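Contents: one structure, followed by commentary.
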Amino acid sequence: MKANEILAQARQENRTVLTEIEAKQLLMQSGINCTDTRLAATKDAAVKLSEQFGYPVVLKVFSVDITHKSDAGGVKVNLKNKAEVENAFDAIMRSCKAAVPTAKIEGVSVQVMAKSGIEVIMGMIKDPSFGPVIMFGLGGVFVEVLQDVAFRIVPIEKSDAEDMINEIKGKKLLEGYRGQEPADVACLQQMLLKLSDFVNTTPEIEEIDMNPVFAYKDGAVVVDARIILSTAQASHGLRAA
Ligand code: ADP
Ligand code: MG
């Protein structure tokens, strides 16, 4: 689906939260590399998709009512065969129904298990006075506990992208720490620039969360993405984000 069709469909369904699949489609169309992620409505479909992708795969709950998927027990990683996919499907359904009894669960999303890399996050929030602001940081504990993140007002230029990556305190981790491979910083800069372009040309987006992005020696990939639309252009009763 084209970007405007994805946005129109969400509007039509009175949704402000896009699904992981929709969010990744929009980002991919903006040139940002994401794991190819598909919907499986049934256990059999999940197995079929897993075999098409090739193991190991990741299954995640697919529900417009569950945005923080692992909190609800909705993410199973490193599934290596049919039996593991079948068990994961059942486990996800069981825990998500228990965690969010009112959720309408449409199935699971299936994607390849990306090899591990240095975890970073990128995103966009709208500042009440500055408007859209791009964010970059290291993933996990660095953002949650240390709040080690850099911000820039959209649109950003190449030098801004460089500065953002340079100014985070944990920057050394990107340079290859304790035998770990360094991150492809040029690729991360490009991703930030593409994100800025996307935000700049899509004003109806309120918030973007690419968390995590795995950075490698060569390249990087978004493994989870969340996009929230603004309520301003909606005509009637949106569900709260
Ligand atoms: P949540 O909605 O809870 O943020 P995520 O999609 O981020 O769910 O998945 C939780 C964690 O699972 C991620 O932080 C990441 O470590 C791992 N993960 C998710 N997708 C993949 C993938 N395709 N390959 C490897 N690891 C993944
Ligand atoms: Mg996530």
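The values are calculated or read from the model by the stated rules, or taken from the named source; none is laboratory data. Just so you know, these numbers come straight off a predicted model, no measurement behind them. Every residue, glycine among them, receives a Cβ derived from its backbone with ideal geometry; neighbour counts consider all protein chains shown. Only protein heavy atoms, including side chains, enter the accessible area calculation; ligands, DNA and RNA are left aside. Shrake-Rupley method; radii C 1.70, N 1.55, O 1.52, S 1.80 Å.
A few points about this structure:
- Residue 45 being exposed (fewer than 15 other Cβ atoms within 10 Å of the Cβ), of a type in the set (A, V, I, L, M, F, W, C) and either assigned to a helix (DSSP H, G or I) or within 16 Å of ligand 1 (Cβ to nearest atom) (or both): no
- Inter-residue pairs, beta-carbon under 7 Å, first within 16 Å of ligand 2 (Cβ to nearest atom) and at pLDDT below 95 and in the stretch 104-118, second outside any loop (DSSP other than H, G, I, E, B) and among the small types (Gly, Ala, Ser), 6+ apart: 117/215; 118/215
- Qualifying residue in the stretch 117-134 (condition: within 19 Å of residue 184 (Cβ to Cβ) and either surrounded by fewer than 16 Cβ atoms within 10 Å (Cβ to Cβ) or of a type in the set (D, E, K, R) (or both)): yes
- For the stretch 99-132, the set of residues classified as more than 16 Å from ligand 1 (Cβ to nearest atom) and among the aliphatic types (A, V, I, L, M) consists of 124, 125, listed by residue number.
- Test result for residue 121, in contact (Cβ under 8 Å) with a residue 12 or more places away in the chain and either away from ligand 2 (no atom under 16 Å from the Cβ) or over 30 Å from residue 196 (Cα atoms) (or both): no
- Against the numbered list (1) open to solvent by 60 Å² or more (accessible area, probe 1.4 Å); (2) more than 9 Å from ligand 1 (Cβ to nearest atom); (3) touching a Phe, Trp or Tyr at 6+ places or on another chain (Cβ under 9 Å); (4) closer than 20 Å to residue 227 by Cβ, residue 80 comes up short only at (4).
- Note on the stretch 17-68: among residues that are within 16 Å of ligand 2 (Cβ to nearest atom) and without any contact (Cβ under 8 Å) to a residue 40 or more places away in the chain, the one that is farthest from residue 93 (Cα to Cα) is 68.
- In the stretch 176-212, the residues that are of a type in the set (Asp, Glu) and away from ligand 1 (no atom under 16 Å from the Cβ): 181, 184, 197, 204, 206
- Here is the figure for the stretch 89-98: residues that are more than 16 Å from ligand 2 (Cβ to nearest atom), open to solvent by less than 60 Å² (accessible area, probe 1.4 Å) and free of Cβ contacts under 8 Å to residues at least 40 places away in the same chain total 3.
- For the stretch 69-85, the candidate set comprises residues that are touching a helix residue (DSSP H, G or I) at 6+ places or on another chain (Cβ under 6 Å), of a type outside the set (A, V, I, L, M, F, W, C) and at negative phi; within that set, the residue that is nearest to ligand 2 (Cβ to nearest atom) is 74.
- Sole residue being modelled with pLDDT under 95, within 16 Å of ligand 1 (Cβ to nearest atom) and not charged (D, E, K, R), chosen from 232, 215, 241: 241
- Scanning the stretch 66-77 for residues that are open to solvent by 60 Å² or more (accessible area, probe 1.4 Å) and outside any strand (DSSP E or B) yields 68, 70, 71.
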